[in-house]
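Written out below as structure tokens is the structure these notes cover.
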Amino acid sequence: MNNKLKPDWAGENLLSQFVNLLIQTEPIYKVMKHQARQVIIKTAEKNGIPWRKNYDRLAASGVKDYLKALTNPQVTYPDYYKVPFHAYDEGNLCWQAALEAPSATYSMALRVWKNEKLTWEAAHNRLRSSFHNVLEIHAPKEVRDILDIGCSVGISTLELHRYYQKKQNYSIRTVGLDLSPYMLAVAKALDTNNEVSQWLHARAENTELPDNSFDLVTLQFLTHELPSEASTAIFREAYRLVRPGGAIALVDNNPKSTVIQNLPPFLFTLMKSTEPWSDEYYTFNIEETLEKVGFETPVTVASDPRHRTIVARKRGN
């Protein structure tokens with residue numbers, strides 16, 4: 001059994017400080033950023049995901065026509081969102097990040113079961129199913145309204161919507177919310193059958209959606225991209241939005257995962273170079289914070305070798 005609460009390369013210990021020093025050294029950081037992109041692209045293309053072709057095809061699809069209609073001019077971007085991450089100088093606020101996001105999303109699952117000979121499609125389906133399987137046990141049995149916070153290009157949102165729509169005999173209302181209108185434009189383009197009710201450009205800390213309006217609020221692979229203060233504010237907003245008896249569900253990197261704790265130095269250094277809030281995430285007690293904002297005691301499940309799913313209910317009437 002693994003008793004370590006987090007990786008040695010995250011937090012305040014010497015290894016973490018040394019890695020951070022390398023990242024803060026501009027010439028070294030530029031090399032790291034380039035290498036991080038190359039690792040992701042090569043992993044994708046080696047496993048049958050045509051990264052460059054996907055980018056070109058999506059760019060030529062008319063996706064950019066959706067940007068104006070989806071952009072909320074009232075949105076102000078917090079400072080934490082304007083720092084470089086994922087090897088993009090503009091973070092998620094650019095077309096390059098949005099147009100590459102589908103390929104990056106599909107390749108993500110390949111790292112989870114890297115020692116198994118899985119197609120990217122099989123790995124992706126297993127990754128999504130591992131989250132849905134936990135929801136089947138610990139989330140509310142009746143779900144009619146879903147909010148997917150930090151939905152990116154909507155792949156997680158569509159998969160979640162289809163999962164619930166298939167198992168229910170009534171219509172599901174699903175909303176995908178993100179802070180990047182570029183990501184939302186791609187989400188709209190990928191949602192070819194208009195399955196998702198709304199793609200919403202808003203701050204997750206202050207959505208301006210009605211109280212008690214969702215049975216399930218999800219954050220899928222989002223929290224590791226946030227400072228703990230922002231995560232806390234989003235949990236508080238989720239508590240306001242969830243109906244009594246409903247739940248919040250998060251899936252993200254598992255600090256206790258032996259796979260993550262034992263990443264080779266090359267890989268964890270590259271990962272930290274593109275994830276500026278890693279140290280805060282790996283030392284942030286999500287379960288304790290969810291309880292502090294009002295949710296019941298969360299259930300945490302190691303849903304796959306790299307990730308954990310956390311589900312917390314809101315007390316019923």
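Data overview
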read-out: Neighbourhood charge, 11 Å Cβ-Cβ cut-off, centred on Gly294 and excluding it, Lys, Arg +1 and Asp, Glu -1; value: +4
read-out: Extension gain from Gln38 to Arg162, taking 0.36 nm per residue of separation minus the Cα-Cα distance; value: 41.4 nm
read-out: For Gly91, distant residues with modelled amide H under 5 Å away; value: Phe85
read-out: Pairwise centroid distance, computed over Cα atoms, of the stretch 278-317 with the stretch 152-170, Å; value: 22
read-out: Nearest-0.05 FRET efficiency for Lys46 and Asp89, computed from C-beta distance (R0 35 Å); value: 0.85
read-out: Shape of the stretch 1-63, Cα gyration tensor, a/c cut at 1.5; value: prolate
read-out: ³J(HN,Hα) computed for each position of the stretch 79-95 - Karplus, 6.51 cos²θ - 1.76 cosθ + 1.60, integer Hz, glycine/proline x; value: 4, 5, 8, 9, 8, x, 7, 6, 6, 10, 4, 9, x, 8, 9, 7, 5
read-out: At R0 = 41 Å, FRET efficiency that the Cβ-Cβ distance of Arg126 and Glu291 yields, to 0.05; value: 0.85
read-out: Kirkwood hydrodynamic radius (C-alpha pairs) into Stokes-Einstein, the stretch 224-286, 10 °C and 1.306 mPa s, D in µm²/s; value: 119
read-out: Whole-Hz ³J(HN,Hα) from phi, Karplus 6.51 cos²θ - 1.76 cosθ + 1.60, for the stretch 132-147, glycine and proline x; value: 4, 5, 5, 4, 4, 8, 10, 8, x, 6, 10, 10, 10, 10, 10, 10
read-out: Size of charge dipole - the chain - debye, nearest 20, with Cβ of Lys, Arg +1 and Asp, Glu -1, no other charges; value: 840
read-out: Ordering of 171-178, 251-258, 160-167, 149-156 by packing [mean C-beta count within 10 Å, highest first]; value: 149-156, 171-178, 251-258, 160-167
read-out: Cα gyration tensor shape for the stretch 161-251, rounded if a/c is under 1.5, else prolate or oblate; value: oblate
read-out: Rounded if a/c under 1.5, otherwise prolate or oblate - the stretch 29-181, Cα gyration tensor axes; value: oblate
read-out: Local net charge near Val134, Cβ-Cβ under 15 Å (Lys/Arg +1, Asp/Glu -1); value: +2
read-out: Peptides 30-40, 182-192 ordered by average Cβ neighbours within 10 Å, highest first; value: 182-192, 30-40
read-out: Accessible area per residue in Å² at 1.4 Å probe, computed on the chain; value: 47
read-out: The stretch 119-201: radius of gyration over Cα atoms, expressed as a fraction of 2.2 N^0.38 Å; value: 1.08
read-out: Neighbourhood net charge (14 Å Cβ-Cβ; Lys/Arg +1, Asp/Glu -1) for Ile40; value: +4
read-out: Derived scalar couplings ³J(HN,Hα) [the stretch 261-269; Karplus, 6.51 cos²θ - 1.76 cosθ + 1.60; whole Hz; x for Gly, Pro]; value: 5, 9, 4, x, x, 4, 6, 6, 5
read-out: By average C-beta atoms within 10 angstrom, highest first, the peptides 99-112, 62-75, 9-22, 227-240; value: 99-112, 227-240, 9-22, 62-75
read-out: Structure-based [θ]222 nm, the chain - -39500 (n - 2.57) summed over DSSP H runs of at least 4, per residue, nearest 500; value: -13500 deg cm²/dmol
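The values are calculated or read from the model by the stated rules, or taken from the named source; none is laboratory data. All figures in this text were calculated on a predicted structure; none of them were measured in a lab. When we count neighbours, we look across all protein chains shown, and the Cβ atoms used for this are built from the backbone with ideal geometry, even at glycine. Accessible surface is based on the protein model in full, side chains and every heavy atom, while ligands, DNA and RNA are left aside. Shrake-Rupley method; radii C 1.70, N 1.55, O 1.52, S 1.80 Å.
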